[in-house]
Amino acid sequence: MTTNDNTMTKSILVYSVALVLVATSACKTKQSQSDSTQTTEQKTVSAPAFNADSAYTYIEKQVAFGPRVPNTPAHTQTGNYLVTKLKQFGCEVTQQSFVATTWDGKKLNALNIIGSINPKATKRIILASHWDSRPHADNDPDKADQNKPVTAANDGASGVGVLLELARTIQQSNQKPTVGIDIIFFDAEDWGNGEKATNDFEQASGNQFDYIGFCLGSRYWAKNLHKPGYSAYYGILLDMVGAKGATFAKEGLSMQFAPTVVNNVWQTASNAGYSQYFVDTPGGQITDDHVAPNTIAKIPMIDIIHTNIGTGGFFPSWHTAEDDMSNIDKGTLKAVGQTLLQVLYNEE
Ligand code: AHN
Ligand code: ZN
């Protein structure tokens, strides 16, 4: 990412080439060549392995509380669970509670949860996901299900599960990333309503990003940073990162605000063998929890979000009663979690 990283990568490459040359000229056998290859691999900055089985269990656990709709017991219990887990994984935890007013005038008791790894480091990276569930499955083809809350295994719990496992992995690892990390679980993301957009108070106020009631937690956080003067080098948002066969196009607003971050993440994924998930193609612009950090907090932040390549749109069970554990695929969790770990360990 940075000039220093590039310099380091280059010096590793030069060193590796030199090793191969020495080994091959000294004794031109196959054996010595493969020895030198092994030496090369040990010299690259390698992240610890991401355990998708463990991430899966953290998603299951959230889902087992029931839909995490604000102002319900399941929401409170899940919030407590997330705070407990982050503390257990060695994070310094900040709880930012606030009352969110929805587009339809409801008051939600909401909570953003921030877990900081290496809190003293000045160079910091944000990893975020929303932890609330949508209050109604309004995309369900069955009318009877449209008023039910969404189980939200993918649209919510998947990103949180990946980030909990990432915190656990770093805690367990002997080698820590140099950068500080702030895991942020945003609340009240999913109370929006597209159909009411024309009458929405944000449209009336001329908000160019047309949140239509979404992203209340990230907007609160961007206006009320959890630490005075807080900033970060960049941020990465995860949204719907658990479905089988997920595809992540390069989301349009991410490319507008933070193209170097997008390209670094997609390149890192490709190097790790995950280019079938992280597809090198432009995606549409999506209003999500990365927008307020960019526009209000002025922190470059990208969104890794599952959209269908070419056609756009989200995964088939989006905002339906079927967004349950049957959607969740460990291969996708592994691709996302391993890529994120590698991105972190590549930073200086
Ligand atoms: C819109 O539909 C405008 N944004 C998607 C935000 C979202 C909802 N992410 C998950 N659920
Ligand atoms: Zn949603």
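The values are calculated or read from the model by the stated rules, or taken from the named source; none is laboratory data. Since we're looking at a predicted model, the values are computed, not measured. Every residue, glycine among them, receives a Cβ derived from its backbone with ideal geometry; neighbour counts consider all protein chains shown. All accessible areas refer to the heavy atoms of the entire protein, side chains included, with ligands and DNA or RNA removed. Shrake-Rupley method; radii C 1.70, N 1.55, O 1.52, S 1.80 Å.
One residue stands out in the range 113-144 among those that are of a type in the set (S, T, N, Q) and assigned to a strand (DSSP E or B): the one that is farthest from ligand 2 (Cβ to nearest atom), namely S116. Every test in (1) part of a loop (DSSP other than H, G, I, E, B); (2) closer than 18 Å to F209 by Cβ is passed by S254 save one, and that test is (1).
Of the listed requirements (1) open to solvent by 50 Å² or more (accessible area, probe 1.4 Å); (2) at pLDDT below 95, T287 misses just one: (1).
Of everything in the range 322-334 that is modelled with pLDDT of 95 or more and open to solvent by 20 Å² or more (accessible area, probe 1.4 Å), the residue that is farthest from Y56 (Cα to Cα) is E322. Screening T295 with (1) open to solvent by 30 Å² or more (accessible area, probe 1.4 Å); (2) away from ligand 1 (no atom under 16 Å from the Cβ); (3) touching a residue at least 40 places away in the same chain (Cβ under 8 Å) gives one miss only, at (2). For the range 145-159, a residue qualifies if it is in a helix (DSSP H, G or I) and closer than 14 Å to W131 by Cβ, and the qualifying residues are A153, N154, D155, G156, A157, S158, G159.
One residue alone among V93, V99, V69 is in contact with a His (Cβ under 7 Å, 6 or more places away or on another chain) and modelled with pLDDT of 95 or more, and that residue is V69. Applying the criterion of being within 16 Å of ligand 1 (Cβ to nearest atom) and hydroxyl-bearing (S, T, Y) to the residues of the range 136-182, the residue that is nearest to the chain's Cα centre (by Cα) is S158. Looking across the range 173-222, the residues that are at pLDDT below 90, touching a helix residue (DSSP H, G or I) at 6+ places or on another chain (Cβ under 8 Å) and assigned to a loop (DSSP other than H, G, I, E, B) come down to F209, D210, Y211, I212. Considered as a group, the residues in the range 240-255 that are within 16 Å of ligand 1 (Cβ to nearest atom) and open to solvent by 10 Å² or more (accessible area, probe 1.4 Å) include one that is farthest from T295 (Cα to Cα), and that residue is T247.
Residues in the range 272-286 that are without any contact (Cβ under 8 Å) to a residue 40 or more places away in the chain and outside any loop (DSSP other than H, G, I, E, B): V279, D280, T281, P282.
How many residues does the range 49-83 contain that are on the phi < 0 side of the Ramachandran plot, of a type outside the set (S, T, N, Q) and assigned to a loop (DSSP other than H, G, I, E, B)? Spell out the reasoning first.
Start the filter on the range 49-83 by keeping residues that are on the phi < 0 side of the Ramachandran plot, which leaves 49-65, 67-70, 72-83.
In the following step, the residues that additionally are of a type outside the set (S, T, N, Q) were identified as 49-50, 52-53, 55-56, 58-61, 63-65, 67-70, 73-75, 79, 81-83.
Now narrow it down to the ones that are assigned to a loop (DSSP other than H, G, I, E, B): 49-50, 65, 67-70.
Of the residues in that region, 7 qualify.
Just one of the listed residues (H319, H306) is under 21 Å from D132 (Cβ atoms), touching a Phe, Trp or Tyr at 6+ places or on another chain (Cβ under 8 Å) and either at pLDDT 95 or above or within 16 Å of ligand 2 (Cβ to nearest atom) (or both), and it is H306. How do the pairs read when you match residues in the range 173-195 that are in contact (Cβ under 8 Å) with a residue 60 or more places away in the chain with residues anywhere that are away from ligand 2 (no atom under 16 Å from the Cβ) and polar (S, T, N, Q), using Cβ under 7 Å and keeping only pairs 6 or more apart or on different chains? Here the result reads G180/S116; G180/N118; I181/N118; D182/S116; I184/N112; F185/N112; F186/N112; D187/N112, each pair linking the range 173-195 to a residue that is away from ligand 2 (no atom under 16 Å from the Cβ) and polar (S, T, N, Q).
Considering the range 84-112, and only residues there that are assigned to a helix (DSSP H, G or I) and in contact (Cβ under 8 Å) with a residue 60 or more places away in the chain, the residue that is most open to solvent (accessible area, probe 1.4 Å) turns out to be K85.
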